[in-house]
Each structure stands twice: as structure tokens, then as C-alpha cells.
Amino acid sequence: MYVAIEGIDTAGKSTQIECLRTLFPDALITKEPGGTTVGIEIRNMVLHGNLKSKTAELFLFLADRAEHTESIIVPNRNKLIISDRSAVSGMAYASVQNLCDEATLVLLNRLVTGGTLPESVFILKLTPEELSFRLSQKEHDSIESRGIDYLLAIQDALISAAYALGIQTHVIDATQSRDTITHEISTLIKGAL
């Protein structure tokens, strides 16, 4: 079973991945971008580079997704795979930037994944107030520097993208306690295994 944990920066994806790693010790934990050697390079180029073109950024993420799917996801389909981000994020970021229409984004993501998408996605959703507080507690990368309104638009786009891709979607209140969120996600995973 292939599941993805989604959410805007600071929503708690990394924290939940670590909690799930403990609960599901046999699971394969991966991430997009950066789940492969090539992906690490692509992630660094996008987050810390000087890309001027948003279209170039989109295609770099698509290249990472293709490599990740072929190298990590497909060979391990017999295991529980828990991914920090997925095609859902790729679609959400591209749609907020108005790079192309939703149907084209669905087509591109199905193409680069060969149709191998998560069976379930868990989207950690923050309130504007909680997002503002969490951002005030850290240094910002190039994505976070785009501002709260941008990140909230991404959050809405994550939900839309998951539905557009036809993935079973669970929206989880990310303002709850860490343990409550972990229990909610792990119960849903166990119920689907």
C-alpha cells in the first residue's frame, strides 16, 4: 500500500512521518522531492537555486517524480510505502502558479508516474493563525518566503489536486496534538492494510 502525507510547510509532515516510522517499522519511508540521489539534486536546485522559470521548476519536479516512481515506488509495491509528499503537491504548486489547467496537470502526473499514485493521501490542514505562528518560529526557504496567502492557496490546492487525481483523501486538522494526529492516520492505514 502506497500512502502520502501532504501539507504545506510547517504543517507537521516530518513529525508525523517519524511517528509513523515507529508504528510501522517495516514500512518504506520516502519523500518527494529528494527520495533518490537525483531527487536530492533537484530539490536543492529548486529550493536554494536561482530558477527564474516556474515552468522549469514544474518540469524538474516532474522529472524527480518519474525517477522516484521508477526507482522507489514500483519496486516496493509489496510493502507499506509512506511518502512525504507526492504528485498531489506537484499539482497543487503548479496550479497555484497557473502554469497550466488541471486536466493537463493530471495528464502530466499520470504520465510521469505511469499511473502509479498513492492509494490514500493524508492532508494536514492548518488554520491561518497557526500557520502564521509556525512560520514566525523558523527561517524561510524560497517556497515559504512567498507568504502566508500563497501557502494557504497551496493548502486548498492540495485538497483539490488529490480529488482531481482520484486519490482517497483524508483531510486532518493539523492544529490537533501530535499524538491525536498520529492515531488518526495510523488507524486509517491499519484499516486499509
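Observations on the model:
- Any hit, the range 94-107, residues being of a type in the set (Val, Ile, Thr), over 16 Å from the mean Cα position of the chain (by Cα), farther than 28 Å from ALA192 by Cα and surrounded by fewer than 14 Cβ atoms within 10 Å (Cβ to Cβ): yes
- Residue that is surrounded by the fewest Cβ atoms within 10 Å (Cβ to Cβ) [pool: residues in the range 5-18 that are in a loop (DSSP other than H, G, I, E, B) and out of contact with any Lys or Arg (no Cβ under 8 Å at 6 or more places or on another chain)]: ASP9
- Sole exception among (1) surrounded by 18 or more Cβ atoms within 10 Å (Cβ to Cβ); (2) in contact with a Gly (Cβ under 7 Å, 6 or more places away or on another chain); (3) in a helix (DSSP H, G or I); (4) modelled with pLDDT under 95 for PRO33, by number: (3)
- Residue within the range 113-122 that is closer than 17 Å to LYS31 by Cβ, touching a Gly at 6+ places or on another chain (Cβ under 7 Å), crowded, with 19+ Cβ neighbours inside 10 Å and at pLDDT 95 or above present: no
- Condition met for SER83 (under 17 Å from the mean Cα position of the chain (by Cα) and of a type in the set (S, T, N, Q)): yes
- Within the range 123-134, if we keep just the residues that are farther than 21 Å from GLY191 by Cβ and among the aliphatic types (A, V, I, L, M), the residue that is modelled with the highest pLDDT turns out to be LEU126.
- Condition check for ARG21: surrounded by fewer than 23 Cβ atoms within 10 Å (Cβ to Cβ), assigned to a helix (DSSP H, G or I) and modelled with pLDDT under 95: no
- Count of the range 135-173 residues which are modelled with pLDDT of 85 or more and either within 15 Å of VAL96 (Cα to Cα) or part of a strand (DSSP E or B) (or both): 21
- Residue within the range 49-70 that is in contact with a strand residue (DSSP E or B) (Cβ under 9 Å, 6 or more places away or on another chain) and either free of Cβ contacts under 8 Å to residues at least 24 places away in the same chain or surrounded by 13 or more Cβ atoms within 10 Å (Cβ to Cβ) (or both) present: yes
- Condition check for SER132: assigned to a helix (DSSP H, G or I) and not aliphatic (A, V, I, L, M): yes
- ILE81 modelled with pLDDT of 95 or more and within 11 Å of GLU6 (Cβ to Cβ): no
- Number of residues in the range 71-93 that are farther than 24 Å from GLN155 by Cβ, touching a residue at least 24 places away in the same chain (Cβ under 8 Å) and surrounded by fewer than 23 Cβ atoms within 10 Å (Cβ to Cβ): the value is 7.
- Enumeration of residues in the range 1-18 that are within 12 Å of the chain's Cα centre (by Cα), of a type in the set (D, E, K, R) and modelled with pLDDT of 90 or more: GLU6, LYS13
- In the set (1) modelled with pLDDT under 95; (2) over 26 Å from THR180 (Cα atoms), the condition left unmet by GLU70 is number (1).
The values are calculated or read from the model by the stated rules, or taken from the named source; none is laboratory data. Here the structure is a predicted model, which means the values were calculated and not measured. Cβ atoms come from the backbone with ideal geometry, glycine included; neighbour counts cover every protein chain shown.
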